[in-house]
Amino acid sequence: MYRQTWMEVNLDQITENVKKIKKICGKKIIAVVKADAYGCGDQQVLRACVEGGAEMAAVSSLDEAVMLRNVGYAGEILILGAVDPADVPQLIVRHISTAAYSMEWVKMVTAKGCRGLSVHLAVDTGMNRIGFRDIDEMKTALELLTEAGCDVDGIFTHFYCADVPDHKLTDLQSERFEKAVKALDYPFRWIHCDNSDAALFHHDHFSNACRIGITLYGITGYENNLEHAVSLYSTVTMCKHIHAGDTVGYGATYTAKGDEIIITAPIGYADGLIRANQGRHVYVDGCYGEIVGRVCMDQIMVKVDHEIPFGSVVEVFGPHISIESMADDLHTIPYEVLCLISPRVTRQYIYHGHTMEKNERLLSSSNEDAIGQ
């Protein structure tokens, strides 16, 4: 790592979080590692999830599924989004399951031959994104798929309000989903509706798996004993004194009111620290400093109350500043904060108590089979 800005992902804590969530929900765990595990590293995070007891990986596209296969993951994979019917042969040969989400898609797939394809029926219980709404259509789709030789392994829906205190809409979606599952009267191996937050409170008796994404990292609005597993850091590259009337940054949007101390750190909007962070605080050398002046592409300037040595660690979010509070300040959600962190930010991993970077192998060859279970 030559540029002293990095995101730390504690894989040991992710493993423990999976174990805790599995104990809470009492169901099989589907680890959602789409979008490179929200930017945290799909291969690395998935390995930690498998060690914690996850039985399946979920991604958003065929590209993401193929990447997992290419790094040796031999376990079950489910694509939650739409797949081009023309790519069905790739799904079959690589043993990748996908969502069957509309009658049009089912007819296109079954018309071309799809024997051996594994699918999960997607049920739209109110989000109006993808999925079947009509039970009769679901029955017809199920019949077409099974007659064509597909393995209809699962059925699922997605809760869209599980992160709010009022669970009325979640309960309504759950009732609709249960009604659909019972009406189909089919031996699905995987029945899943609970997402991250719902896994912590929605204890139904008809689903048998939960899809866990953001709570892998200990991020949830519900009371829990999960551990935060992701932090973002930079370092001090300069410390200077400025005086009353001096301005800081592009556009001169900050003017010193007196003698002040300003530090600079090599992180900016090209790293995912968007310009809206101006005015927020970071934690450095035992104190909270305000980001002053506009966030630059590669650097920020921070007003602090004492001189800070070169190389001191600057915490953007982590033990002293939660990612939830950062998201609140930016009027967004932790998912977006994580996904915005760009690839040029080094990913460092804590794995079995040791620190390593993303390009290092996490296990020796003797343990390589663990990810393929």
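The values are calculated or read from the model by the stated rules, or taken from the named source; none is laboratory data. Keep in mind the model is a prediction, meaning the values are calculated, not measured. When we count neighbours, we look across all protein chains shown, and the Cβ atoms used for this are built from the backbone with ideal geometry, even at glycine. Just so you know, the surface numbers come from the protein's heavy atoms only, side chains and all, with ligands and any DNA or RNA stripped out. Shrake-Rupley method; radii C 1.70, N 1.55, O 1.52, S 1.80 Å.
Filter the range 325-339 for residues that are charged (D, E, K, R) and closer than 17 Å to GLN278 by Cα and give the result.
Once the filter is applied, which keeps residues that are charged (D, E, K, R) and closer than 17 Å to GLN278 by Cα, the range 325-339 yields ASP328, ASP329.
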- request: Would you check if there is a residue in the range 241-250 being of a type in the set (Phe, Trp, Tyr), exposed (fewer than 15 other Cβ atoms within 10 Å of the Cβ) and within 29 Å of VAL313 (Cα to Cα)?
  value: yes
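Step by step: first the residues of the range 30-69, then only those that are of a type in the set (Gly, Ala, Ser) and in a helix (DSSP H, G or I), then the one that is nearest to the chain's Cα centre (by Cα). Which residue is that? Let's see the steps before the verdict.
Within the range 30-69, the first condition is being of a type in the set (Gly, Ala, Ser), and the residues that meet it are 31, 35, 37, 39, 41, 48, 52-54, 57-58, 60-61, 65.
Subset that is in a helix (DSSP H, G or I): 35, 37, 48, 52, 65.
Working: ALA35: 7, ALA37: 5, ALA48: 14, GLY52: 17, ALA65: 15 Å.
This residue is ALA37.
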- request: Just give me the residues in the range 177-204 being under 19 Å from SER102 (Cα atoms), open to solvent by 60 Å² or more (accessible area, probe 1.4 Å) and either hydroxyl-bearing (Ser, Thr, Tyr) or assigned to a loop (DSSP other than H, G, I, E, B) (or both), in sequence order.
  value: TYR186
message: Could you check the range 300-310 and list, in sequence order, the residues that are open to solvent by 40 Å² or more (accessible area, probe 1.4 Å) and either in a loop (DSSP other than H, G, I, E, B) or within 18 Å of LEU226 (Cβ to Cβ) (or both)?
response: ASP305, HIS306, GLU307, PRO309, PHE310
- prompt: Of the residues that sit in the range 210-227 and are surrounded by fewer than 18 Cβ atoms within 10 Å (Cβ to Cβ) and of a type outside the set (Phe, Trp, Tyr), which one is modelled with the lowest pLDDT?
  reply: GLU223
- request: Output the number of residues of the range 18-29 satisfying the condition of being open to solvent by less than 10 Å² (accessible area, probe 1.4 Å) and in a helix (DSSP H, G or I).
  value: 2
message: What are the pairs with Cβ atoms under 9 angstrom where one residue, in the range 119-141, is on the phi > 0 side of the Ramachandran plot and the other, located anywhere, is part of a helix (DSSP H, G or I) and of a type outside the set (A, V, I, L, M, F, W, C)? Sequence gap at least six, or different chains.
response: GLY126/GLN173; GLY126/ARG176
- prompt: If you check SER207, SER234, SER174, which single one turns out to be open to solvent by less than 20 Å² (accessible area, probe 1.4 Å), over 30 Å from PHE132 (Cα atoms), modelled with pLDDT of 95 or more and not aliphatic (A, V, I, L, M)?
  reply: SER234
Which numbered condition THR15 fails, given (1) surrounded by fewer than 19 Cβ atoms within 10 Å (Cβ to Cβ); (2) in contact with a helix residue (DSSP H, G or I) (Cβ under 7 Å, 6 or more places away or on another chain): (1)
message: Scan the range 81-104 and tell me whether some residue there is of a type outside the set (Phe, Trp, Tyr), loosely packed, with under 14 Cβ neighbours inside 10 Å and not in a helix (DSSP H, G or I).
response: yes
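Residue-by-condition table, conditions (1) out of contact with any His (no Cβ under 8 Å at 6 or more places or on another chain); (2) crowded, with 21+ Cβ neighbours inside 10 Å; (3) in contact (Cβ under 8 Å) with a residue 60 or more places away in the chain:
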site: GLN4; (1), (2), (3): yes, no, yes
site: ALA31; (1), (2), (3): yes, yes, yes
site: LYS34; (1), (2), (3): yes, no, yes
site: CYS49; (1), (2), (3): yes, yes, yes
site: GLU55; (1), (2), (3): yes, no, yes
site: SER60; (1), (2), (3): yes, no, no
site: GLY75; (1), (2), (3): yes, no, yes
query: What are the residues in the range 241-275 that are touching a residue at least 24 places away in the same chain (Cβ under 8 Å), in contact with a Ser or Thr (Cβ under 9 Å, 6 or more places away or on another chain) and either more than 26 Å from TYR2 (Cα to Cα) or in a strand (DSSP E or B) (or both), if any?
result: THR247, VAL248, THR253, TYR254, ILE263, THR264, ALA265
